[in-house]
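J.: Take this structure first; my questions come after.
The values are calculated or read from the model by the stated rules, or taken from the named source; none is laboratory data. Small disclaimer: the values here were computed from a predicted structure and weren't measured. Glycine gets a Cβ as well: all are built from the backbone with ideal geometry, and neighbour counts include every protein chain shown.
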Amino acid sequence: MPVTLVVGAQWGDEGKGRIIDWLSSSASVVARFGGGANAGHTVRVGERTYKLRIVPSGVIAGVEHCIIGPGTVVSPSSLIAELESLRAGGVDVSHVWLSDLAHLILPYHIELDASSERSLGGAALGTTGNGIGPAYVDRAARTGIRAGDLADMPRCLEMLAARTQTARAAGAAVDLKVMTSDLTRHAQALLPHVRDTVSLLHDQLEAGKRVLAEGAQGTLLDVNLGTYPFVTSSVTVSGGACTGLGFGPKEVEHVVGVAKAYCTRVGAGPFPSELNDDTGEALRERGLEFGVVTGRPRRCGWLDLAALRYAVQINGLTHLAMTKLDVLDGFAEISVGVGYEGQDASAFPFVLARGAKPRYKQLRGWSQPTSGARAWEQLPSAARDYVEFVESHTRTPISYVSVGPERSQIIVRPGAPQLS
Ligand code: IMP
């Protein structure tokens, strides 16, 4: 079974890009299955930091094919800018393929995202403002424009004109002339990258090539299973890889969930273990918890194992990767949420919306820095205990532990998926 799937196990920003970058070294194909440029994956190689929005993280490792799949929504201008900045950084982007079935995010989607947030007032979701929700609305309403439509520009522009009328009626102040000339120019730049990625993927699977399916955002932001309505508009859980790329579950061998050693969340919505105190501030400063896409400070808190257990179940996680363990260095004691006060953690995610308060277990911290550790045995024993506690509570092996942003700072434990 040639597919390994990597998903975020919390509220996004778990460090998936680094784990995908590491696994990419032995994959032939890396494919993004959902979301859009609302995601921000950071990959650091040596002195260089790459910030990816929609292009799969495998592009840095130079995999044979990088696919932006049918389940994604893509802004032409933002993808072109991302490809240009990767090129400028010396990355070969000639093998980045945009599915002809992926939906386009156009300027009116961005306008509608902003106006919808404004109209929600105090109940705003805190979206990334990239037009993700309105683009998925158009897809569901069957009024979207797809990347494959760019191949027939006259028809595509007719669709654009029709959609602009509807968007204007909904309050979007957009200029059709500007959009027409921009889209015509963008089509020229993008068409060499647009193709039928479903058959490409199946050719690769039939040839026995290793495929890495890359999730975006996180489990608790899933439109069906997350903390609705404070979620994104796509399927972020592992099942979304099949529908978002066009293959069946029988192809999947490993499902890796990436979770930080603590929790963060951007935007509004329930977050029971959030710390609005000096400890939360310390986590934010040490963990550099500011959004890659929006620059917003992230909300920070202790690890919530009830939420993580839910992520294990609904994704069918076979392995976990724990990132940013080094951020916990120096805490005398570390709290871990193991359930909710007086609440049944099985009523997930409604339990969160009811104002659940975590039940904490205190674990001992460690004073030695972990960032220099390159092997499991080099971690302080309290840090190993912490990882093992999470493993036993989630009943899932933590096969990767990261202790810093460099590729070399990922400790790979026995039994971890190796794609070669
Ligand atoms: P949207 O995806 O821009 O519509 O935003 C919906 C919610 O998902 C907001 O709370 C965002 O902050 C959150 N969100 C979207 N993408 C990411 C991400 O990549 N990391 C973390 N949160 C995200």
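Matching residues to (1) without any contact (Cβ under 8 Å) to a residue 12 or more places away in the chain; (2) surrounded by 14 or more Cβ atoms within 10 Å (Cβ to Cβ):
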position	(1), (2)
PRO369	no, no
ALA373	no, yes
ARG384	yes, yes
PHE389	no, yes
PRO397	no, yes
SER402	no, yes
ALA416	no, yes
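J.: So VAL235 clears everything in (1) free of Cβ contacts under 8 Å to residues at least 60 places away in the same chain; (2) closer than 25 Å to ILE398 by Cα except one condition, right? Which one?
T.: It is condition (1) that VAL235 fails.
J.: Taking segment 105-142, which residues are closer than 21 Å to ALA216 by Cβ and without any contact (Cβ under 8 Å) to a residue 12 or more places away in the chain?
T.: Result: ALA140, single match.
J.: If you go through segment 260-272 one residue at a time, do you hit one that is surrounded by 17 or more Cβ atoms within 10 Å (Cβ to Cβ), more than 12 Å from the ligand (Cβ to nearest atom) and closer than 29 Å to LEU101 by Cα?
T.: no
J.: So how many residues does segment 10-28 have that are closer than 14 Å to ILE410 by Cα, away from the ligand (no atom under 16 Å from the Cβ) and aliphatic (A, V, I, L, M)?
T.: Qualifying residue count, segment 10-28: 1.
J.: Within segment 8-26, can you find the residues that are in a loop (DSSP other than H, G, I, E, B), under 29 Å from HIS202 (Cβ atoms) and at pLDDT 90 or above?
T.: Result: ALA9, single match.
J.: Just the residues that are without any contact (Cβ under 8 Å) to a residue 24 or more places away in the chain and either under 17 Å from ASP385 (Cβ atoms) or part of a loop (DSSP other than H, G, I, E, B) (or both), please, taken from segment 306-342.
T.: Hits for segment 306-342 are GLU341, GLY342.
J.: Show me the strands (runs of 3 or more DSSP E) found entirely inside segment 32-84 where at least 3 residues are away from the ligand (no atom under 16 Å from the Cβ) and within 18 Å of THR4 (Cα to Cα).
T.: So the answer is 65-68.
J.: Could you list, in sequence order, the residues of segment 211-230 that are of a type in the set (A, V, I, L, M, F, W, C), in contact with a helix residue (DSSP H, G or I) (Cβ under 7 Å, 6 or more places away or on another chain) and surrounded by fewer than 24 Cβ atoms within 10 Å (Cβ to Cβ)? Can you show your working first?
T.: As a first pass, look at segment 211-230 and keep what is of a type in the set (A, V, I, L, M, F, W, C): 211-213, 216, 220-221, 223, 225, 230.
Applying the additional criterion that residues be in contact with a helix residue (DSSP H, G or I) (Cβ under 7 Å, 6 or more places away or on another chain) yields 211-213, 220, 225.
LEU225 - this is the single residue of segment 211-230 that is of a type in the set (A, V, I, L, M, F, W, C), in contact with a helix residue (DSSP H, G or I) (Cβ under 7 Å, 6 or more places away or on another chain) and surrounded by fewer than 24 Cβ atoms within 10 Å (Cβ to Cβ).
J.: While we're on this one: Taking segment 275-305 only, how many residues are among the aromatic types (Phe, Trp, Tyr) and either loosely packed, with under 15 Cβ neighbours inside 10 Å or within 16 Å of the ligand (Cβ to nearest atom) (or both)?
T.: 1
J.: Okay, next question. Spot the failing condition for VAL29; the list is (1) under 25 Å from ASN130 (Cα atoms); (2) among the β-branched types (Val, Ile, Thr); (3) at pLDDT 95 or above, and only one is missed.
T.: Only one criterion in (1) under 25 Å from ASN130 (Cα atoms); (2) among the β-branched types (Val, Ile, Thr); (3) at pLDDT 95 or above is unmet by VAL29, namely (1).
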